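The values are calculated or read from the model by the stated rules, or taken from the named source; none is laboratory data. Since this is a predicted model, take the numbers as computed values, not measurements. Quick reminder, even Gly has a Cβ in these numbers, built from the backbone with ideal geometry, and neighbours come from all protein chains shown. Remember, those area values only see protein heavy atoms, side chains included, never the ligands or the DNA or RNA. Shrake-Rupley method; radii C 1.70, N 1.55, O 1.52, S 1.80 Å.
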Amino acid sequence: MIQHHLTDEMIAAMAAGTLEAGWALGATTHLTMCSACRAGLHAFERIGGYFLECEVANDNLDEGWREMERRITESQWEEDPVTSSPRSEAEMFLPEPLATYVDRAGGLKWRFLGRGAAQMIVPTEDETTTVRLLKIPAGQPVPEHSHRGTELTLVLDGSFTDEVSTFGPGDVEIADGTLTHTPRATEGKDCICLAVTDAPLKFSSLHMRLFQRLFKI
Ligand SMILES: [Zn+2]
């Protein structure tokens, strides 16, 4: 059961097609896993479509608001008809469109970061963000850090806990400069995440700051 979702702003930007490719890859991979956010996206698309129609028809304003209200209310109850079938662990681990991006990059190639942690940079056409797959070994922490920009983390397999909550498969955490956290993978299973950032993380320890220069985290 997914507990942590995309923000409304992100879903609205998806519907409007204004999200840069890096964020869109993170958001769309979550949408593949989450019927609630898919329903939200359809609602925003309907509203967007409605505004376009309005522009053409230039209807009576009151009538227009009533119509929009009706559409929003309706879409809240409209679950996505496509329910995802049970997936194997391997498929669950790389949902679309992430799987296509990884294939295009020549398949899954982990680069080890030490202490069993590993990453793979996932190339996208977007130069404003960095997209990476991260593997955090069971029970291990990611060193404490805050953020210069925004970090979107989507859990694909396993789970982690930080100062905010526990995040399991499909959950999204969106962190910015106001959050300093030490995510720790849950015992018993490695945690595999997709992370999108638009600026380097700000590690608390000097050791990590030197290390990050090497690994471009
Ligand atoms: Zn969601």
message = For a quick check of your reading of the filter: which GluC sites (Glu not before Pro) in the stretch 116-164 sit in a DSSP loop and have no more than 11 other Cβ atoms within 10 Å?
response = GLU125, GLU127, GLU163
key: Stokes-Einstein diffusion coefficient of the stretch 89-215, Kirkwood radius over Cα pairs, 4 °C, 1.567 mPa s, in µm²/s   = 87 µm²/s
ask   = So how much accessible area does THR32 have, in Å² to the nearest 10, using a 1.4 Å probe?
value = 40 Å²
query = Taking R0 as 41 Å, what's the FRET efficiency between ARG148 and GLU45 from their Cβ-Cβ distance, rounded to 0.05?
reply = 0.80
query = Using a 1.4 Å probe on the protein chains only, how many percent of the accessible area of the stretch 131-174 belongs to carbon and sulfur?
reply = 49 percent
key: Accessible area of the stretch 89-215 divided out per residue, in Å², using a probe of 1.4 angstrom   = 49 Å²
query = Among HIS30, HIS42, what's the order by accessible area (1.4 angstrom probe), most exposed first?
reply = HIS42, HIS30
